[in-house]
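Inspection log for the structure reproduced underneath, given as structure tokens.
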Amino acid sequence: MHDSHATGAGAHAAAHGGGHEAHAPVPTGTFVMVWVALLALTLVTVAASVWFPGKVGIGVAMVVTPIKAALILMWFMHLKYETFVFRAMFLSAVGILALVMGLTFFDYSFL
Amino acid sequence: MRAEGATLGTPAGGHAAAHHEHRDDIGSKTGMWLFLFTELLLFGGLFIVYAVYRHKFGAEFHEAAHELNKVMGVTNTFVLLTSSLTMVLSVGALQRARVAESLRWLGATFGLACCFLVIKYFEWSAKHHHGIWPGGEHLHSLPPGEGMFFNLYFMMTGLHGIHVLVGMGVMGAIAARIRSGHVSASRYAALEFTGLYWHLVDLVWIFLLPLFYLTN
Amino acid sequence: MAESKTGPAWTGSYLQDYGSRRGLLAWLTTTDHKRIGLMYMAAMFAFFTVAVLLGLLIRLELMNPGMQYVTPRVYNSLFTLHGVIMIFLFIVPGIPAVMGNFILPLQLGADDVSFPKLNLASWYVYIAGAILALMSLFVGGGVPDTGWTFYAPYALRSGSNVSLAVFAAFVLGFSSIMTGMNFITTIHRLRAPGMGFFRMPLFCWGLYATSWIQVIATPVVGITLLLVIMERALGIGFFDPARGGDPVLYQHLFWIYSHPVVYVMILPAMGVISEILPTFAGRTVFGYKAIALSSMAIAIVGYMVWGHHMFTVGMSDTARRVFSILTFLVAIPTGIKVFNWMATLYKGSIRIEPPLLWALGFIFLFSIGGLTGLVNGALSTDIHVHDTAFVVGHFHYTMFGGAGVGLFAALHYWWPKVFGRMYNRKVANWAWGIFMVGFNLLYFPMLVLGIMGMPRRYADYLPRFHGPELVSTVGSWVMVSGIILMAWNLVRAIKRGAPAGDNPWGGTTLEWQTTSPPPQLNFAASPSVTTGPYDHTALRAAAAKEAR
Amino acid sequence: MTGASSFSGMVDKTFWMILGSSVIMLLGITVTMILFMVKYRRSRHPNPSDIEGSATLETLWTVLPTVLVMVMFYYGWAGFKVMRETPKGAIPVTVQARMWSWSFKYENGKQTTELYVPVGRPVAVNLESADVIHSFFVPAFRVKEDCMPGRKNHAWFQAEREGVYDILCAEYCGDKHSAMLAKVVAVPADTFDVWLERGGGRPTGAKLLQLKGCVACHSSDGSKLVGPSYKGLFGKKERVITNGVEREITVDEEYIRRSLLQPKADVVVGYQPQMPEMGNQLDEEDIQLIIDYIKRQ
Ligand code: HEA
Ligand code: HEA
Ligand code: CUA
Ligand SMILES: [Cu+2]
């Protein structure tokens, strides 16, 4: 559903003309910054697990790791620059996985 | 009116190809993302297994995680994250029609992937040395929870390793196509998709790090 | 035929060869979605026939108590193969890979799917999986005997050739994923100008929901089956209680896929029914949006109910309650569909033709299947009927009476489009009648048996179950006669049938606007769309003009 | 088909309630279908009207079914709740399942192959399996729960009428799944008490082989069943496969013990590794009795 489709303006038109990709390239500096952030966040998790083993370390990892994933998804994988459809599809895939995992735990963490 | 096969750079074969070239990059990209979802769910199944056994054998998992080499795990994380950077830089260079630079970054990515596998090799052989290996003697003699940890470790990093290998193969093929001009500034989708795949491999690793190396 | 096939001027039927490749080779290397659809059909019915024979053997053995024709070991292999083939080789690829491949691009007004090569590849992967499945019969420790569910730890211990059969299922999963990816992309990208999502035929909606399930659920079973193989090869112990593993976890992972997959079977069939009813009622569909969106709702809620297969395995009581309530929620969107179908017949102008009869047969049989599903879904009653013949009755009513009959309806509806020829409608009606009688004779007794306490997968049974078992076996022969008659009638029509014309039923969706059989590129001129899919006004005007 | 336990009535009520509403709906649908076929066929009704939908109807047939299925859920749940709450003072019995037989162990050590229960008193069954999944199913009592290796599943019931009822294995477990049958014998409570006191204590070796279902797979007369015969077994030289390597062993006490506890460690050439691990179903003294018995064959 490239935005135009919802209005029925025609996928074929998109396939003929608008189907060609032409993003303006993202500046290199942005990518380097994301990379630095990723390395830094990795260090944070490692440090937390070394200095505060146990609950705190795990807690930090549980917060930081999804942030790292989001950085990769948004910038490296371009989701930030894609149409809404791609983000929606991604969220539903991950959402279903989370849901399934959650439901599984109705068995394992309850009586 | 048809899109191209995801990473196949040639116009779709068959009857309609000849009269004029159709391209639907967005369509191909949709296909590529759908493929990534299947990969995600493939690992997702293993994450469920991990979650359940971690819940069941918390203490054993912590105990077993001591065996893993944190330094190697973290180094490998840096290696992979950096390879993700070189990958996007390669795509960016191609978009700007700097073919040689793009190839250089791609080469760097390939090199980092090798590096990752070499480190992994040392890690695994160290375990193997101690008899910790799926089906190995020592592993069977461990308490069930610890055995579970190591089997999961080998399954998940093993599956991930296979993905790294596949990624390297694809990079090689794409490099050849860039050189021959099939993949270029005006049709760079194939390289972009290789990148997407590579970032997914990275993404999975980001989760494997805390699950295995940082659990103690 | 020397014409070149490059310009839009080429209008020969897709059934004719063109270009340099001829005959079988032209088929095996084709990327034409229509030909691939037919190739799927050929392969699928070959396997279906095998599985049907196995089913009949099962019935023969169960006709009387005691062992008559086979040993228990062979009986166990019979139902395993019957189940594996029926599920993985027949009904899952059934409507999507055969009718979906053929019809989806036509209904969208496209000239092929988005990834034609991937489409061909998926056929080859399917064949590879099928060959692996067949190989498991002949090599190694004997025919698999685990049931189609491959439950650990039995599947880990069985000396039979389970690994290969499991690997076959794994490979077939990939074929299914490829088809799903292709359809989603095609639906997003290749709709005719003017066809918004909510002007898409309902069959396409059914396939869209199905494809998402295929893409998102199949990998989970893929990894699960891989773990079973690893476990058998290396003893990694994930599901083996002797090593601290948890057999219940296997069941979770298995049903996380295998429950959603029952909606892969049924959603396209429901799509077929939603096409047939408006056509033969000669009016627009009632509640288009409700039908379209309920497909998505079924797909989503369908993810969350897998635990209802596990009410007796010792899951936590909380989980049992949660899964029971969610199971009941799935029935609601299904009910919405049924009620809207009934309303579509209301004040129509109905022509009773074979496709409509099959569609009505679907509604009747599937309703029985679905309603028995409610007995399974309620906690206290499922405790009694779980793993009994009642469940066997339930799933034959849903899978065969639902998805299978949906496929038969689709065949009768689109056969004239696919081959350009019409079958004998009288014979088709008779075949339908015999089938319906036989079907109920065959499967209704199973519901009774289940309530009486007859467990499933029993090679032998207590004498008190004899009566219904006997009726059921006799029913199987009646039903076979119906199906053979139907198949003969359809196959005969390919060569001998009268030319059908482009739009024999007065359908309004795009596939009826092209010739029968369609040309290579589907449409002489790319169609565009200005109304909803079931708008009969143009057809009626044309008919009125002709009458004058 | 008639129920014979304290909660079979609840289960049946739920069943009839769901069945009743299902039949009504099915009849409704079928009759409507036929009615429309007749009333609106083209010959009688040539001019269709294009009704696109109706928000009222749409809401109606979303809401009403929702209410209906929630009622169904409630009934199912209410009956289930009773099934899961074992009453205090229930007589505990351990049900031991293995390929392909059942045995029952009472608190005082008495062991049987038929499940004796008193009428009118609750019985709590603890379900164990030595090998794969089995399922304890008593249709007349509407009871079913899996015997899951590595888990401790439980169920309970209370027989309401005297009689003999079938126990069937409801989870597929291999070749003789359909022969894995036993009986529940429901007797008056005072008869039960007398019965329980009689014949407590430890069974003999030969009796143990019957109780634990060994006889399903092993004979004492030299004939080959699923497993090898005991005849002349002790002291015999045999070829076995250990960790994939074939080797020769002499059957001694140690070997028999290993055969019982870790049967997969040495698999006799020519047989499938199907023997259950009997560790949780036999204690040390039982094992000694069995060894002594085998020695004598
Ligand atoms: C095409 C396949 C298909 C479909 C569509 C369904 C649909 C449903 N199934 Fe079924 N099922 C199977 C195939 C299918 N099933 C298979 C193969 C198994 C056994 C697997 C194995 O163990 O080997 C199984 C087993 C199974 C079980 C496990 C039984 C057990 O082992 O103990 C349960 C339990 O809840 C269940 C429930 C349901 C429900 C509630 C639906 C619902 O989706 C049904 C909804 C439909 C209706 C309700 C009828 C139509 C609606 C109306 C007439 C409107 C009015 C209705 C209401 C107001 C409620 N199914
Ligand atoms: C779509 C799925 C499907 C279909 C169609 C069928 C069809 C049949 N099934 Fe199937 N069955 C399953 C899926 C299916 N089954 C599954 C999943 C199981 C569970 C396995 C397990 O427990 O692991 C099962 C189990 C099962 C059992 C229970 C075994 C047990 O638990 O002990 C029985 C028993 O009677 C049975 C009988 C039959 C019979 C007699 C038919 C047949 O009657 C079918 C009759 C069909 C015909 C007679 C058609 C003849 C057609 C032709 C000759 C050619 C057609 C060609 C063209 C149309 C071109 N089946
Ligand atoms: Cu034990 Cu079936
Ligand atoms: Cu289900």
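Quick notes
- From C:Met304, C:Met310, C:Met315, residue being farther than 17 Å from C:His536 by Cα, away from ligand 2 (no atom under 16 Å from the Cβ), within 13 Å of chain A (Cβ to nearest Cβ) and touching a residue at least 40 places away in the same chain (Cβ under 8 Å): C:Met315
- C:Met230 vs. criteria of a type outside the set (D, E, K, R) and either within 16 Å of ligand 4 (Cβ to nearest atom) or more than 9 Å from chain B (Cβ to nearest Cβ) (or both): no
- Residue in segment C:485-499 that is crowded, with 17+ Cβ neighbours inside 10 Å, in contact with a strand residue (DSSP E or B) (Cβ under 7 Å, 6 or more places away or on another chain) and outside any helix (DSSP H, G or I) present: yes
- Pair list, Cβ < 7 Å and 6+ apart or interchain, from segment A:82-102 residues that are more than 7 Å from every other protein chain (Cβ to nearest Cβ) to residues that are assigned to a helix (DSSP H, G or I) and surrounded by fewer than 14 Cβ atoms within 10 Å (Cβ to Cβ): A:Thr83/A:Asp3
- Scan segment C:249-264 for residues that are at the interface with another protein chain (Cβ under 8 Å from one of its Cβ atoms) and either surrounded by 24 or more Cβ atoms within 10 Å (Cβ to Cβ) or not in a helix (DSSP H, G or I) (or both) and the total you get is 3.
- Members of segment C:287-313 found to be closer than 16 Å to C:Met200 by Cβ and in contact with a His (Cβ under 7 Å, 6 or more places away or on another chain), listed by number: none
- C:Ser163 in contact (Cβ under 8 Å) with a residue 12 or more places away in the chain, within 29 Å of C:Arg73 (Cβ to Cβ), among the small types (Gly, Ala, Ser) and out of contact with any helix residue (DSSP H, G or I) (no Cβ under 8 Å at 6 or more places or on another chain): no
- Selection of segment D:164-185 for residues being under 18 Å from D:Tyr116 (Cα atoms) and out of contact with any helix residue (DSSP H, G or I) (no Cβ under 8 Å at 6 or more places or on another chain) yields D:Val164, D:Ile167, D:Met180, D:Leu181, D:Ala182, D:Lys183, D:Val185.
- Residue tally, condition part of a helix (DSSP H, G or I) and closer than 24 Å to C:Val261 by Cβ, over segment C:193-208: 7
- Complete set of residues in segment C:384-394 that are surrounded by 24 or more Cβ atoms within 10 Å (Cβ to Cβ) and either more than 16 Å from ligand 3 (Cβ to nearest atom) or in a helix (DSSP H, G or I) (or both): C:His384, C:Val385, C:Ala389, C:Phe390, C:Gly393, C:His394
- Extreme residue, modelled with the lowest pLDDT, among residues of segment D:94-141 that are polar (S, T, N, Q) and more than 15 Å from ligand 3 (Cβ to nearest atom): D:Asn108
- Complete set of residues in segment C:16-63 that are part of a loop (DSSP other than H, G, I, E, B), within 19 Å of C:Lys117 (Cα to Cα) and either within 14 Å of ligand 2 (Cβ to nearest atom) or acidic (Asp, Glu) (or both): C:Asp17, C:Asp32
- Taken as a whole, segment C:107-125 holds at least one residue that is away from ligand 1 (no atom under 16 Å from the Cβ), away from chain B (no Cβ under 14 Å) and farther than 14 Å from C:Leu172 by Cβ.
- Of everything in segment C:456-469 that is under 20 Å from C:Leu54 (Cβ atoms) and more than 16 Å from ligand 4 (Cβ to nearest atom), the residue that is farthest from the other protein chains (Cβ to nearest Cβ) is C:Glu469.
- Any hit, segment B:181-203, residues being touching a residue at least 24 places away in the same chain (Cβ under 8 Å), over 21 Å from B:Leu85 (Cα atoms), surrounded by fewer than 17 Cβ atoms within 10 Å (Cβ to Cβ) and more than 14 Å from chain C (Cβ to nearest Cβ): yes
Yes/no matrix, rows are residues, columns are (1) among the charged types (D, E, K, R); (2) more than 47 Å from the chain's Cα centre (by Cα):
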position	(1), (2)
D:Trp16	no, no
D:Ile24	no, no
D:Thr30	no, no
D:Met33	no, no
D:Val38	no, yes
D:Arg41	yes, yes
D:Arg44	yes, yes
D:Ser54	no, yes
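- Candidates in segment C:269-301 are the residues that are facing chain D (nearest Cβ under 10 Å) and assigned to a helix (DSSP H, G or I); of these, the one that is surrounded by the fewest Cβ atoms within 10 Å (Cβ to Cβ) is C:Lys289.
- Evaluation of D:Ala140 against the conditions (1) touching a residue at least 60 places away in the same chain (Cβ under 8 Å); (2) of a type outside the set (Asp, Glu); (3) in a strand (DSSP E or B) shows that the sole unmet condition is (3).
- A search for C-beta distances below 6 Å between a residue of segment D:119-136 that is within 14 Å of chain C (Cβ to nearest Cβ) and any residue that is within 12 Å of ligand 3 (Cβ to nearest atom) and among the acidic types (Asp, Glu), counting only pairs 6+ apart in sequence or on different chains, returns D:Ile133/D:Asp146; D:Ile133/D:Glu171; D:His134/D:Glu171; D:Ser135/D:Asp146; D:Ser135/D:Glu171.
- Residue within segment B:33-48 that is modelled with pLDDT of 85 or more and over 19 Å from the mean Cα position of the chain (by Cα) present: yes
- Identity of the residue in segment D:48-101, buried (at least 22 other Cβ atoms within 10 Å of the Cβ) and under 20 Å from D:Pro122 (Cβ atoms), that ends up farthest from ligand 1 (Cβ to nearest atom): D:Val95
- Just one residue in the set D:Lys176, D:Lys212 is crowded, with 18+ Cβ neighbours inside 10 Å, away from chain C (no Cβ under 14 Å) and in contact (Cβ under 8 Å) with a residue 24 or more places away in the chain; that residue is D:Lys212.
- Condition check for D:Phe157: touching a residue at least 60 places away in the same chain (Cβ under 8 Å), buried (at least 24 other Cβ atoms within 10 Å of the Cβ) and away from ligand 1 (no atom under 16 Å from the Cβ): yes
- Condition met for D:Gly227 (of a type outside the set (Ser, Thr, Tyr), loosely packed, with under 14 Cβ neighbours inside 10 Å and assigned to a loop (DSSP other than H, G, I, E, B)): no
- Some residue of segment D:176-184 being over 27 Å from D:Thr86 (Cα atoms) and in contact with a His (Cβ under 6 Å, 6 or more places away or on another chain): no
The values are calculated or read from the model by the stated rules, or taken from the named source; none is laboratory data. All figures in this text were calculated on a predicted structure; none of them were measured in a lab. Note that each Cβ is placed from the backbone with ideal geometry, even for glycine, and that neighbours are counted across all protein chains shown.
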